[in-house]
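To start, the structure under review is shown below, and the notes come after it.
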Amino acid sequence: MAFLSFLLLTATSRAQLLPSGNVYAGVAYGDSVDVVNRSTAKGWNASVEDLPFARFSHLGIVLDGSGLYWTGVQQYNLVFGPRLSINYGKWRPFIHVMGGAQRNTSAGFTRYPIAEDVGGGADYKLPFKHFSWRLQFDYIHTHLLSANQNEYRGSTGLVWRF
């Protein structure tokens, strides 16, 4: 909490809220594997990344949200954590490790398990100024009491860099 407070207080002292970073929005496809069932879903994925350290431009802080939809099931993830990236020509590969919560509604019940997200991907710089195209893949593990669930999510979409 102290680290998060430090980031928020330093952000307000700048002229812009996020002076360097990116915003991503795209479509997502998910595959959920639990003990008995396996199912695929479609949905969306969005994130905001801030690059708060001028000396370490390869280290970012990410807030990532997604929604996946099956027949009769709605799932929303909100995770936060560090992202490590490197620029290589027009490519920007990255990896991240994040934690947060999931909201899962099915059969009239809503559950809020803890979510752990490990993933990565790559951005490809488009010929348009400040825009890139992203391919991202994530492994999401959730657990609530003694129930565990493993999910895989792939997403693609547009990135706006500032």
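Take residue 63 and decide whether it is surrounded by 15 or more Cβ atoms within 10 Å (Cβ to Cβ), under 24 Å from residue 131 (Cα atoms) and in contact with a Phe, Trp or Tyr (Cβ under 9 Å, 6 or more places away or on another chain). Reasoning before the result, please.
On the way: surrounded by 15 or more Cβ atoms within 10 Å (Cβ to Cβ): yes; under 24 Å from residue 131 (Cα atoms): yes; in contact with a Phe, Trp or Tyr (Cβ under 9 Å, 6 or more places away or on another chain): yes.
Answer is yes for this residue.
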Quick one: would you say residue 68 is modelled with pLDDT of 90 or more, touching a Phe, Trp or Tyr at 6+ places or on another chain (Cβ under 9 Å) and crowded, with 19+ Cβ neighbours inside 10 Å? yes
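Which residue out of 134, 103 is buried (at least 18 other Cβ atoms within 10 Å of the Cβ), basic (Lys, Arg) and assigned to a strand (DSSP E or B)? Quick ask: steps written out before the conclusion?
On the way: 103 fails: buried (at least 18 other Cβ atoms within 10 Å of the Cβ).
When all the criteria are applied, what remains is 134.
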Contacts under 7 angstrom Cβ, first residue in segment 65-93 being on the phi > 0 side of the Ramachandran plot, partner among the hydroxyl-bearing types (Ser, Thr, Tyr), 6 or more apart: 72/106
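The values are calculated or read from the model by the stated rules, or taken from the named source; none is laboratory data. Everything quoted here is computed from the prediction, not taken from an experiment. Cβ sites come from the backbone with ideal geometry, for glycine too, and all protein chains shown count toward neighbours.
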